[in-house]
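The values are calculated or read from the model by the stated rules, or taken from the named source; none is laboratory data. The structure displayed is predicted, hence computed values, not measured ones. Heads up, the Cβs are rebuilt from the backbone with ideal geometry, glycines too, and the neighbour counts pull from every protein chain shown.
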Amino acid sequence: MKIFTKRKDLSQYLEQLRSDGKTIGFVPTLGALHNGHLSLLVRAQQETDKVVCSIFVNPTQFNDPKDLEKYPRPITADIEKLEQAGCDALFNPEVSEMYAGNEQWHLEIGELEHLLEGKFRPGHYQGVTQVVFKLFNIVKPDKAFFGQKDYQQVLVIQKMVEILKLPVKLVMCPILRETDGLAMSSRNIHLSAGDRQHALVLSKTLNWLMENFDRTKMPALTRECAAMISAEPGVELEYFEIANGENLHKSDQQTKEIVALVAVKVGVTRLIDNMILA
Ligand code: AMP
């Protein structure tokens with residue numbers, strides 16, 4: 001695997017590949033890689049000729065400085081995992097390689113960035129679109145692979161791609177879970193053994209909802225799920241919403257695509273999860 005820390009060197013390498021007629025797949029990450037990340041890589045390998053993964057803990061998307069500081073950065077283990085998975089290139093830049101200084105600009109993508117996650121993490125999606133825009137400009141991928149785990153992020157980036165007419169196709173890949181149902185996340189390492197058990201209420205509730213889903217009872221089901229989660233010791237509910245999967249408005253009986261989305265704090269760790277219901 002080739003490892004790049006400078007955008008110019010990565011661009012040159014990719015120019016050559018493109019002139020040889022290769023398609024480029026891109027998997028952007030914050031690192032601390034787990035099998036969820038690697039499943040995106042596998043999908044990218046299936047759909048494109050050469051795959052670039054980026055590891056960059058983007059400071060502008062962290063609304064909480066403590067969260068940024070304690071974000072895990074096991075770069076040696078990450079490189080090993082990518083090598084083993086047959087990744088072609090890693091882009092692992094310093095912050096100064098990505099940002100000129102205190103950049104103030106952001107892309108206006110409308111209400112999507114202010115709903116749900118946006119409400120609880122003000123500025124988060126402005127940081128996400130900023131960095132993904134920069135990364136897309138450097139990598140110029142044919143396809144970029146994102147996890148359903150961050151459902152709203154996929155919608156936000158899709159919106160950016162539409163507004164700016166960027167020549168990239170987005171692929172949303174399913175959520176990988178631990179055998180007990182917990183959605184894989186780099187933040188799971190911060191969970192104590194007790195937290196880890198309490199955190200299972202997320203996938204349990206989403207599964208229960210899937211089994212009991214009824215379009216005519218969405219408000220009651222939403223309340224019931226929120227109550228189930230709030231009743232779990234050590235778990236603080238931020239939101240539980242049954243939403244229109246296209247715009248994240250509250251869904252109604254006519255909504256075609258429906259997704260349930262949840263965010264909680266378990267101890268000091270913030271977790272999100274979701275399930276596509278229709
Ligand atoms: P992150 O490093 O958390 O920014 O995640 C990088 C990419 O991996 C994002 O597109 C995430 O949605 C995706 N991802 C994170 N966790 C999972 C998971 N459990 N299953 C599938 N994809 C995931």
> Any idea which of (1) charged (D, E, K, R); (2) within 16 Å of the ligand (Cβ to nearest atom); (3) at pLDDT below 95 is the one residue 108 doesn't satisfy?
Replying inline: (2)
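I'm trying to understand the selection: among the residues of the range 126-164, which are free of Cβ contacts under 8 Å to residues at least 40 places away in the same chain, within 12 Å of the ligand (Cβ to nearest atom) and either of a type in the set (D, E, K, R) or touching a Leu at 6+ places or on another chain (Cβ under 7 Å) (or both)? Give the derivation first.
We begin by selecting, within the range 126-164, every residue free of Cβ contacts under 8 Å to residues at least 40 places away in the same chain; these are 129, 133-134, 137, 153-154, 157-158, 161-162.
Filter again for within 12 Å of the ligand (Cβ to nearest atom), leaving 153-154, 157.
154, 157 - these are the residues of the range 126-164 that are free of Cβ contacts under 8 Å to residues at least 40 places away in the same chain, within 12 Å of the ligand (Cβ to nearest atom) and either of a type in the set (D, E, K, R) or touching a Leu at 6+ places or on another chain (Cβ under 7 Å) (or both).
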>> Let me confirm something: among 139, 132, which residue is buried (at least 20 other Cβ atoms within 10 Å of the Cβ) and under 14 Å from the mean Cα position of the chain (by Cα)?
In response: 132
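What helices (runs of 4 or more DSSP H) lie completely within the range 28-125 and have 3 or more residues being in contact (Cβ under 8 Å) with a residue 24 or more places away in the chain?
Details: elements: 35-47, 65-70, 75-85, 95-98, 117-120.
Result: 35-47, 75-85, 95-98, 117-120.
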> Of all residues in the range 192-234, which are free of Cβ contacts under 8 Å to residues at least 24 places away in the same chain, exposed (fewer than 13 other Cβ atoms within 10 Å of the Cβ) and within 25 Å of the chain's Cα centre (by Cα)?
Replying inline: 193
> What's the number of the condition residue 22 fails, among (1) assigned to a loop (DSSP other than H, G, I, E, B); (2) within 15 Å of the chain's Cα centre (by Cα); (3) more than 18 Å from residue 96 (Cα to Cα)?
Replying inline: (2)
